[in-house]
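Novice: Below is a structure I'd like to ask you about.
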Amino acid sequence: MEQSSHYITICSDSIGDTAEAVVQAVIHQFQNQRVTIRRYGNVRHEDELRKLMEETAQLQGFVAYTLVQPELREVIREEAVRLDLRIVDIMGPMMQAFIDTFDDAPQARPGLLHQLDENYFRRIEAIEFTVACDDGRDLGAMLKADIVLLGMSRTSKTPLSIFLAHRGKKVVNYPVVPEIAPPQQLLSLPPSRIIGLTMKPEYMLKIRSERLKMLGLPAGSQYASLERIHEEMEYAAVLFKKLGCPVIDITDKAIEETAGIIMGHL
């Protein structure tokens, strides 16, 4: 197995989610993605900071950080000069822009984004709701959902649902199958709460074929035939039109991009 040759250290005096999200987004812009991410959260002491920076320098990587405590921000800058180590301040420029533009001062308290406030508990509730309703397991929950996702098998319904749940949305996803009539609960919903998912047939064929291969099933299954895929897509198109809901072609779209489009429809 080929070893990773690039190292990025994430350093935060909170949990490090913000920095890692930015780092991951950047990594995906490069073809060479052989990168090892070393994440250090809840860094509160100068000794911890110096140690992780020395290790990163030895690995010839760089440090991406979200530190809000002034003392630690000063130390990381000093150590970067001493070690000749590249550092990337994820939050600093944004905080400075806020200070300069709005003449305000930051609280310099780590972890404020993740404190246990009302929004946090709303997200937890949404995640629990969404997991319990995966793949149409609770039809009655459609009436309580913020979003109902409809789509054929392999249209990313579950990962999309979980992603949206982390944004505080209660989501039900329901599989569209020609042999199963849509439930009455679905037909009673306003179109604005329903999203139809589709993709190009050739792309679907590739995904389903890979799925069969992964499961060790024969490649000639009807599930991964163009004829069956076209049949399902035609049925889905008729259903979406009947419901009057927005339809999103997810071909070649990342989960984040599709989720952004869905949020734009709400």
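The values are calculated or read from the model by the stated rules, or taken from the named source; none is laboratory data. From a predicted model like this one, the values you see are computed outputs, not experimental measurements. Note that we place each Cβ from the backbone using ideal geometry, even for glycine, and neighbour counts take in every protein chain shown.
Novice: Hydrophobic (A, V, I, L, M, F, W, C), within 19 Å of M142 (Cα to Cα) and not in a helix (DSSP H, G or I): which single residue out of L189, L239, L217 fits that description?
Specialist: L189
Novice: Would you check if there is a residue in the stretch 213-223 being out of contact with any His (no Cβ under 6 Å at 6 or more places or on another chain), free of Cβ contacts under 8 Å to residues at least 40 places away in the same chain and among the hydroxyl-bearing types (S, T, Y)?
Specialist: Within the stretch 213-223, one or more residues are out of contact with any His (no Cβ under 6 Å at 6 or more places or on another chain), free of Cβ contacts under 8 Å to residues at least 40 places away in the same chain and among the hydroxyl-bearing types (S, T, Y).
Residue-by-condition table, conditions (1) under 30 Å from E257 (Cβ atoms); (2) exposed (fewer than 15 other Cβ atoms within 10 Å of the Cβ); (3) in contact with a Leu (Cβ under 7 Å, 6 or more places away or on another chain):
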residue	(1), (2), (3)
G16	yes, no, no
A21	yes, yes, no
G41	yes, no, no
R44	no, yes, no
K51	no, yes, no
A80	no, no, no
L83	no, no, no
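For (1) free of Cβ contacts under 8 Å to residues at least 60 places away in the same chain; (2) under 16 Å from I87 (Cα atoms), each residue gets a yes or a no:
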position	(1), (2)
T18	no, yes
V22	no, yes
F30	yes, no
Y40	yes, yes
D47	yes, no
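Novice: Right, another one. If the requirement is being touching a residue at least 60 places away in the same chain (Cβ under 8 Å) and of a type in the set (V, I, T), which of these qualifies: I90, I10?
Specialist: I90
Novice: In the stretch 207-222, how many residues are within 17 Å of T251 (Cβ to Cβ) and surrounded by 13 or more Cβ atoms within 10 Å (Cβ to Cβ)?
Specialist: 4
Novice: Under the condition of being touching a residue at least 24 places away in the same chain (Cβ under 8 Å) and outside any strand (DSSP E or B), which residue from the stretch 170-180 is surrounded by the most Cβ atoms within 10 Å (Cβ to Cβ)?
Specialist: V176
Novice: Residues of the stretch 223-262 being surrounded by 12 or more Cβ atoms within 10 Å (Cβ to Cβ), in contact with a strand residue (DSSP E or B) (Cβ under 9 Å, 6 or more places away or on another chain) and not β-branched (V, I, T), which ones?
Specialist: M233, A236, A237, L239, F240, L243, C245, P246, D249
Novice: Would you mind telling me which numbered condition in (1) in a helix (DSSP H, G or I); (2) within 18 Å of G264 (Cα to Cα); (3) of a type in the set (D, E, K, R) R167 fails?
Specialist: Just one mismatch for R167, condition (1).
Novice: Here is a further query. Which condition number in (1) out of contact with any strand residue (DSSP E or B) (no Cβ under 9 Å at 6 or more places or on another chain); (2) assigned to a helix (DSSP H, G or I) is the one that T158 fails?
Specialist: Condition not satisfied by T158: (1).
Novice: Turning to a different aspect of this structure: Out of P183, P159, report the one residue that is under 16 Å from A259 (Cβ atoms) and loosely packed, with under 14 Cβ neighbours inside 10 Å.
Specialist: The unique qualifying residue is P159.
Novice: Do we find a residue being among the aromatic types (F, W, Y), assigned by TED's automatic domain parsing to the domain that holds L160 and at pLDDT 95 or above anywhere in the stretch 234-251?
Specialist: Yes.
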